[in-house]
Each structure stands twice: as structure tokens, then as C-alpha cells.
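Below is one structure, written out as C-alpha cells; comments come after it.
The values are calculated or read from the model by the stated rules, or taken from the named source; none is laboratory data. Predicted, not measured: the structure shown is a model, and the values here were computed from it. For neighbour counting, all protein chains shown are included, and Cβ atoms are generated from backbone atoms with ideal geometry for every residue, glycine included.
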Amino acid sequence: MFAIAVIFLLKYIFSAMSYFCLMRKRNMRFKHLAFVPILNTTYVLGNIADSINKNYFIKSYFRFFLLISYLTALVAGGLALFVISKNIPNFEQFLLESLANESRGFEVLNSTINLNSLQVNLLIFLLILTFAIASTFNLVLGFWCFYIIYREYNKAKSSSYTLMTIIGGGFLNIKFLPPLIVFTIRHNTPIFEFLNKAKTSNLNKTS
């Protein structure tokens, strides 16, 4: 347990430093929010993507959508667990058995569940559905924000970086991988600066 806590803490610090350094390079405001839990993987990530889009005159509000979808999933999931726990006599045993053996946990669930009310069933279904939609939306939008960052700072490898983020950060639960990529490309020159230099060079030639 202690080792897991240490790994989680190191991942959090590294992630915060990655976003903080990139925001500082971009001269962005509120960069210290990178060290605030939840905000660093929602508002801050979306804010960096919004900042990049702004350079190309694209208005986006990914920072708000990421934060709202995360909080919606958190609240819906918490309420669903609360309602279910009130309708399952041995809910604590179900959780313990599920952690030890998933199939055994559902055996306990099937033998003790007591959801006779249609309203309760409908409420649980809606809460779980809300949780699933909000979580999926948050995950997909997060991947898109990472792609925007990768494309701006290393366009040639943006697709492979995004694939690594989806597989490693999403399916394999290697949470430090996306911040690691951000950290390694933070010193690259953004494409926007290249375009500005090319535009200025063309103007000088024509004049």
C-alpha cells in the first residue's frame, strides 16, 4: 500500500511539473493550477489546448468541458454507489468479495440484491448511464487535447504519440506516459511560431 501511494505521489508531481513547465513556456496564466489535484488533468490540460487553438483563431472551451464532465462522472458514480448500497443489505461484503474475486462478489450481489422499486431501478440506471457518458466524453476529449499539444510541438510524431497515450494511458493504465511525452516535447518550437516566421519572411521578400 505504501509503495502504491509513493508511486501515485511521484506520478502526480511529475504530471504537475510537465504541465507547469509547458504553461510557463507559453507564458500562460494560472499555471500554478497544475499542482492542484483534479484541476491539473482537466482544467489545466484543456487550458493548454485552448491556448494553442487561440493562436489559430479557434475558440474552444475544452478546459470547462473536461472539468464539468469529470465532476459529472464523479457525482453520478458516487450517487449510484450510494443508492445501490442502500438497496443491498450486504453491500460492504460485495465490495470486499469483488476486490478479492470478481465472480464471487457478483454471487454475493445476486443473492442479496433487493431492488424491488421501479423508481430505484430507473434512478440507478440513469445514474450509471450518466456516469458512463460523462466518463467516455472526458476520456475522449482528454485524448483530443493531448493530440492538439502533440501536433503543435511535434507534428511528425503526433499520431504515434496519441496512439501511445490512448493505449498506454488509457487501456494499460500507465498514467505517467502522457505527461512524460509532454515533458519531452516542451522545448520544441511550436508550429505557430514557424508559421509566423515563414509569414514574416514572405512579407519581407515581397517588400
task: Within segment 51-66, count every residue that is without any contact (Cβ under 8 Å) to a residue 40 or more places away in the chain and within 14 Å of residue 143 (Cα to Cα).
output: 1
- prompt: Of all residues in segment 145-172, how many are surrounded by fewer than 16 Cβ atoms within 10 Å (Cβ to Cβ) and within 21 Å of residue 186 (Cβ to Cβ)?
  reply: 6
message: One residue is enough: does segment 109-120 have a residue meeting the conditions of a type outside the set (A, V, I, L, M) and at pLDDT 85 or above?
response: no
statement: Picked from segment 16-51 (must be of a type outside the set (Phe, Trp, Tyr) and in a loop (DSSP other than H, G, I, E, B)), the residue farthest from the chain's Cα centre (by Cα) is 27
- request: Would you tally the residues in segment 190-207 being at pLDDT 90 or above and either touching a Ser or Thr at 6+ places or on another chain (Cβ under 6 Å) or more than 18 Å from residue 54 (Cβ to Cβ) (or both)?
  value: 0
query: How many residues, within segment 52-80, are part of a helix (DSSP H, G or I), among the aliphatic types (A, V, I, L, M) and farther than 15 Å from residue 132 by Cα?
result: 2
message: I'd like to check something: does segment 62-71 contain any residue that is surrounded by fewer than 16 Cβ atoms within 10 Å (Cβ to Cβ) and closer than 20 Å to residue 193 by Cα?
response: no
field: Matching residues, segment 141-161, being polar (S, T, N, Q) and either touching a strand residue (DSSP E or B) at 6+ places or on another chain (Cβ under 9 Å) or under 20 Å from residue 17 (Cα atoms) (or both)
entry: 154
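Every residue, every condition in (1) in contact (Cβ under 8 Å) with a residue 24 or more places away in the chain; (2) under 16 Å from the mean Cα position of the chain (by Cα); (3) assigned to a helix (DSSP H, G or I), yes or no:
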site	(1), (2), (3)
151	yes, no, yes
156	no, no, yes
159	no, no, yes
165	no, yes, yes
178	yes, yes, yes
181	yes, yes, yes
184	no, no, yes
187	yes, no, no
195	no, no, yes
task: Output yes when any residue across segment 84-97 is modelled with pLDDT under 90 and under 30 Å from residue 23 (Cα atoms), and no when none is.
output: no
